[in-house]
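Visitor: Please read through the structure below; I'll follow up with questions.
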């Protein structure tokens, strides 16, 4: 068996530590399909151009004046003298998405006008190439995630009309102000970490969600690289009942020892959030060693069970190894168990426990049922 570790690493998704993460709502999910199919995110108020926004010098009050000049009757009665933080009626808690997606016949409070101006400025000035954007579907049951690939631009009236004339059976936004996106993945709310639930309650069209970056990365990819020098791997435990701490401890210890042996470093970090079902995430600066340890523990498959010789290529060097395999271990354990049966009636560990050791939790309840989603191009050649 031949495993090329560098090829495995090269095939993993590459993420940037300095990228910002944004939650961008699609009018309650109405434009989720439109954004996804046509590779963009967009915002309303077509009469406020990108030039208007840029000429405001990134000042909310200046952009508010521009909006009022183009929409002189936009403010609700008795709201002119209100401060932005003085309005405590139920409108304060309403979803601002409707305000930002509206184009005509809308009445705003002073607070909502400030929100509108601020969101237009964020959309134009703060969302940058290589940032990641997360768009929820209706009811936030599903999310698409994409990488920003260019600056904000304006679609022409003819392009908007052409899209509208297209007979595809989904709702189009008609937004002129857009940002191009390359979608890189999607995940269901039910499959994500519960920490993301708080993020969902944000009612703004555009929100910075940098504090959720690791949870989003983990929901998208079980294996990825950050800044080209830090390997992240997530292992999913699907066992419903309680997990024996002994085996979990063995996994962490033996994985760490294997990583240190292969990499010569002790910088491996493992974060465990296991409540019977849950993830365990490792980060490693020595990526070759981290990947080799991972593949040896979880990627060898039939060699693991049946035993055999295999080679791991690390940085151009081949390492030959022999694994006895679980089948041989189980058989030897059975023989040993039969020999000792008549001499001791107080065995506290079953023969299956002695045979599997570390593997009992991850072989039966992890690997076979929830293997990490490796890139389809990663090759492990037998």
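Visitor: Using a basic spin-label model with each label point 7 Å from the Cα along Cα→Cβ, how many nm lie between residue 194 and residue 272?
Guide: Label-label distance for residue 194 and residue 272, simple model: 1.9 nm.
Visitor: What is the antiparallel percent of DSSP beta bridges lying wholly in segment 20-220, to the nearest 5?
Guide: Counting DSSP beta bridges with both partners in segment 20-220, the antiparallel share is about 85 percent.
Visitor: Residue 202 versus residue 184, label points 7 Å from Cα toward the beta carbon: distance in nm?
Guide: Simple spin-label model gives 1.7 nm for this pair.
Visitor: Apply 1/(1 + (r/R0)^6) to the Cβ-Cβ distance of residue 62 and residue 242, taking R0 = 51 Å, and write down the FRET efficiency to the nearest 0.05.
Guide: With R0 = 51 Å, the Cβ-Cβ based efficiency is 0.30.
Visitor: A further question on this structure: Using only the alpha carbons of segment 20-220, determine the length spanned along each of the three principal axes and report them from longest to shortest in whole angstroms.
Guide: Taking the Cα atoms of segment 20-220, the three principal extents are 47, 40, 31 Å.
Visitor: Stretch residue 106-residue 51 to full length: gain in nm at 0.36 nm per residue minus the Cα-Cα span?
Guide: My answer for the length gained is 17.6 nm.
Visitor: Taking 0.36 nm per residue of separation and subtracting the Cα-Cα distance, what length does fully extending residue 17 through residue 158 add?
Guide: 46.9 nm
Each value in this text was obtained by applying a stated rule to the coordinates, not by laboratory testing. Computed from a predicted model, the values in this text were never measured in an experiment. Note that each Cβ is placed from the backbone with ideal geometry, even for glycine, and that neighbours are counted across all protein chains shown.
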